[in-house]
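The values are calculated or read from the model by the stated rules, or taken from the named source; none is laboratory data. It should be emphasised that the depicted structure is a prediction, and the values quoted were computed from it without experimental measurement. Cβ atoms come from the backbone with ideal geometry, glycine included; neighbour counts cover every protein chain shown. Please note that ligands, DNA and RNA were not included when accessible areas were found on the heavy atoms of the full protein model with its side chains. Shrake-Rupley method; radii C 1.70, N 1.55, O 1.52, S 1.80 Å.
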Amino acid sequence: MIEDKEIQNSKSYIGDDLNFRKFIKILWATKNEILLITSFFAIFSVVLALNLTNYYKSVALLAERSGSGLQGNLAQFSGLAAAAGIDLQPSDSKAPKAIELIKSRKFVKHLISFEKILPSIMAAKGYDSETKEIIYDRKIYDPDKKLWVRKPKKNQSVIPSFLEAHEEYRFNILSISQNKSSGFITVEVEHVSPIFAKEFLDLIIKEANEILRKEDMEDSQQGIEYLSKELSKNSFIKIKDSISTLIEGQLETQMKTKVYKDYFLIKIDPPFVAEKKSSPSRALICIFITIFGGLMSILYALIKHYFYKRN
């Protein structure tokens, strides 16, 4: 039995060796076609890589502004505050709210109300490094006349909607994440123009802070009005003290909304104008396409050999 197994293994080894030699022989016989096809893919990859548009990325590292000790002491009055629509429950972080705001359709609708933002999102196709200007696709947008000239698809208008802009913004321009251990928020904007990428990221942070500021200002103002009415109604000293403490907390929020420029999102590492492109990686593109071409040429050689052999 042992001898039979050894004979079988020996035959299998010889068979594998013969198949490998046959494979090499087929490739050698069609080496000219393989070289030609691979060379074609290599040249094509170089031409393609050189014609791809450069993209630049601006990155900002942000931290959320934490509340003061006073807010923590107000938790004991959460029942009374709830009646005023004031949330005093302790929270680990409000950063998720800011992140979802920045990613939202509502926020994009607000951003495109600023001049040149919508054309820069939807019609930019290149960047002139000498003039520092964005090159627009004139089949979509005429920058001289400031007119949209694109041919819209079904159910779309000539001017792109905020929903179209949001799709481009979320999947091709914006990247945002939070480090769970440190709490820091990283926001990235990628665009054909390094200047626009930096300026747009500055605008995103500024407007997110402004929206959060207005929301907290309005909420605290409503809370103060309600609590002031309750203060005038009650004659019990303890209740008055409690209401006064709640009002103090809302006044602190009002103060923060008026004092701090970066109301909620603080720039630890501010946006910058990138000097080097972030994509595409032309070397990798050339390597992968050339390898793909080589594999296709080998497949072609094998198909050709067995097809003619069968016929």
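Structure values in brief
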item	result
Looking only at the range 47-64, and only at residues there that are open to solvent by 70 Å² or more (accessible area, probe 1.4 Å) and not in a strand (DSSP E or B), the one that is farthest from ILE204 (Cα to Cα)	VAL47
Tabulated pairs, the range 55-67, first more than 21 Å from PRO280 (Cα to Cα), second of a type in the set (Phe, Trp, Tyr) and surrounded by fewer than 19 Cβ atoms within 10 Å (Cβ to Cβ), C-beta under 7 angstrom, 6+ apart or interchain	LEU61/PHE184; LEU62/PHE184; ALA63/PHE184; ARG65/TYR260
From ILE298, ILE303, ILE243, residue being more than 36 Å from the chain's Cα centre (by Cα), among the β-branched types (Val, Ile, Thr), farther than 24 Å from ILE37 by Cβ and at pLDDT below 90	ILE243
Selected residue (criterion: surrounded by the fewest Cβ atoms within 10 Å (Cβ to Cβ)) from residues of the range 180-201 that are in a helix (DSSP H, G or I) and under 15 Å from the mean Cα position of the chain (by Cα)	LYS198
Any hit, the range 212-227, residues being touching a Phe, Trp or Tyr at 6+ places or on another chain (Cβ under 7 Å) and surrounded by 15 or more Cβ atoms within 10 Å (Cβ to Cβ)	yes
Selection count where residues are in contact with a helix residue (DSSP H, G or I) (Cβ under 6 Å, 6 or more places away or on another chain) and among the hydroxyl-bearing types (Ser, Thr, Tyr), scope the range 143-188	1
Flag if LEU101 is at pLDDT 95 or above, open to solvent by less than 90 Å² (accessible area, probe 1.4 Å), in a helix (DSSP H, G or I) and not β-branched (Val, Ile, Thr)	yes
Unique residue being of a type in the set (Phe, Trp, Tyr) and in contact with a strand residue (DSSP E or B) (Cβ under 9 Å, 6 or more places away or on another chain) when the list is PHE196, PHE114	PHE196
Selection status of ASP241, assigned to a helix (DSSP H, G or I) and acidic (Asp, Glu)	yes
Output for the range 267-284, where each listed residue is surrounded by fewer than 16 Cβ atoms within 10 Å (Cβ to Cβ) and assigned to a helix (DSSP H, G or I)	ALA283, LEU284
Residue in the range 239-262 that is among the hydroxyl-bearing types (Ser, Thr, Tyr), over 30 Å from ILE204 (Cα atoms) and without any contact (Cβ under 8 Å) to a residue 40 or more places away in the chain present	yes
Pairs where the first residue, in the range 125-143, is surrounded by 15 or more Cβ atoms within 10 Å (Cβ to Cβ) and the second is acidic (Asp, Glu), C-beta under 7 Å, 6+ apart	ILE135/ASP128
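Let's see how each residue does on (1) part of a helix (DSSP H, G or I); (2) open to solvent by 50 Å² or more (accessible area, probe 1.4 Å); (3) touching a strand residue (DSSP E or B) at 6+ places or on another chain (Cβ under 9 Å):
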| site | (1), (2), (3) |
| --- | --- |
| ILE247 | yes, no, no |
| LEU251 | yes, yes, no |
| THR257 | yes, no, no |
| ASP262 | no, no, yes |
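Residue-by-condition table, conditions (1) under 14 Å from ILE117 (Cβ atoms); (2) in contact with a His (Cβ under 6 Å, 6 or more places away or on another chain):
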| position | (1), (2) |
| --- | --- |
| VAL192 | no, no |
| ALA197 | yes, yes |
| LEU201 | yes, no |
| ILE204 | yes, no |
| GLU210 | no, no |
| ARG213 | no, no |
| ASP216 | no, no |
| GLU225 | no, no |
| GLU230 | no, no |
